[in-house]
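Written below as structure tokens is the structure these notes are about.
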Amino acid sequence: MTRIAIVTGGASNIGWACVQRLAQDHAVVIADIQRPRLPLPAGARFVETDITSASACQALMESAVGDQTLSALVHSAAITAPMRPIAQIDPAEWRRLMEVNVTGAFLVAQAAIGPLQRGRGAAVFIASRAGRTGYAALNAAASGTKAHYAASKAALLSLVKSLAIELAPDGVRVNAVVPGSIEGTMIPRERWPELAARIPLGRLGTPDEVAEAAAFLLSDQARYITGQGLDVNGGTWMT
């Protein structure tokens, strides 16, 4: 039976790295609002998907899985916004972050429950260190914390726990990868040297390193792990 994996936000950054990694042993479906710029791995295909639409998420599952089962789900789709103090955040911008990062994750999860249950699959949600700390990109300052992004990722970590509890009786595991500062388009390249100097391991992480963490949590090697957030941050946040 074909092992099917869905990666939302799979067209770029961490999502694209997850596509590359999972394509080694899955038929990967990339769900995004834009097609990847690079050629797709063998066996992968693209389904244009707006994760803020319940009907689009249901259509994604029907297209990707059909009457088969879902082995793996990586939810990486998310947006960010400029750093600014809470007093200066436009309510519309707050609502948009929550719509994509929280409601989008909920709708993807809701649509995936049946296919995951049928295949006793596993899911990984890509969160953020900001959801642990309340501020983004090591910027613990009154000048701005990016509170809407941080709050959305904290909500995602809570959603992961709720899903893990509800789906455990069906043998479905749900976890999160919690990246710190990772190379990619969400952090302007000109900030990389400054951030690297503040990271104990002395560099930003790479999307491939996050993808490897996700692949581990999806694998049988992690078969007794659920409801957890695996931090991948170079030592910038420790429990």
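Every read-out reported here was derived from the displayed coordinates using simple, explicitly stated rules and does not represent laboratory data. All of these numbers come straight from a predicted model, not from anything done at the bench. Methodologically, a virtual Cβ is constructed for each residue, glycine included, from the backbone with ideal geometry; neighbour enumeration extends over all protein chains shown.
For a quick check: with amide H placed at 1.01 Å from N, whose amide H comes under 5 Å from VAL232's, ignoring anything fewer than 5 positions away on the same chain?
VAL178, GLY180
Within segment 144-170, list the residues whose amide N lies under 17 Å from a label point set 7 Å along Cα→Cβ of THR239.
Backbone N within reach: 154-165.
If you place +1 on the Cβ of every Lys and Arg and -1 on the Cβ of every Asp and Glu, how big does the dipole about the Cα centre of the chain come out, in debye to the nearest 20?
In debye, rounded to 20, the chain gives about 360.
Excluding ILE113 itself, calculate the net charge of residues whose Cβ lies under 15 Å from the Cβ of ILE113, where each Lys or Arg counts +1 and each Asp or Glu counts -1.
After counting each charged neighbour, the total is 0.
Within segment 133-172, list the trypsin sites (Lys or Arg not before Pro) lying in a DSSP loop whose Cβ has at most 13 other Cβ atoms in a 10 Å radius.
none
Over all directions, the average projected area of the alpha-carbon convex hull for segment 158-239 comes to how many nm²?
The directionally averaged projection comes out at 6.1 nm².
For ALA141 paired with ARG118, estimate the spin-label separation in nm (one decimal), with each label point 7 Å from Cα along the Cα-to-Cβ line.
Rounded to a tenth, the inter-label distance reads 5.2 nm.
What does the helix-only formula give at 222 nm for the chain: each DSSP H stretch with n ≥ 4 adding -39500 (n - 2.57), the total divided by the residues, and the result rounded to the nearest 500 deg cm²/dmol?
Helix contribution divided over all residues of the chain: -11000 deg cm²/dmol.
Work out the length of the dipole vector of segment 99-204 about its Cα centre, built from +1 on the beta-carbon of each Lys and Arg and -1 on the beta-carbon of each Asp and Glu, and round it to the nearest 20 debye.
Using Cβ point charges on Lys, Arg, Asp and Glu, segment 99-204 gives about 220 debye.
Could you tell me the relative contact order of the chain? Use alpha-carbon pairs under 8 Å, at least six residues apart, and round to a whole percent.
20
Can you work out the FRET efficiency for the pair ALA59 and TYR224, with r the C-beta to C-beta distance and R0 = 30 Å, to the nearest 0.05?
In this case the efficiency is close to 0.30.
Which parts of segment 125-161 would a label at GLU190 reach, counting a residue when its backbone N lies under 19 Å from a point 7 Å out along Cα-to-Cβ?
The answer is 137-139, 144.
Give the Rg/Rh ratio for the chain, taking Rg as the radius of gyration of the Cα atoms and Rh as the Kirkwood radius, to two decimals.
Rounded to two decimals, Rg/Rh equals 0.95.
Net charge within 12 Å of GLN24 by Cβ-Cβ distance, Lys/Arg positive one each and Asp/Glu negative one each, not counting GLN24 itself?
My count for the surroundings of GLN24 gives 0.
Using Cα springs under 10 Å in a Gaussian network model of the chain, which residue among SER128, SER76, SER219 shows the largest mean-square fluctuation?
Evaluated over the chain, the most mobile residue of the options is SER219.
Taking one equal scatterer on every alpha-carbon of segment 70-130, how large is log10 of I(q)/I(0) by Debye at q = 0.14 1/Å?
-0.50
How would you rank 46-57, 220-231, 112-123, 183-194, highest first, on the average number of other Cβ atoms within 10 Å across their residues?
Descending mean neighbour count gives 112-123, 46-57, 220-231, 183-194.
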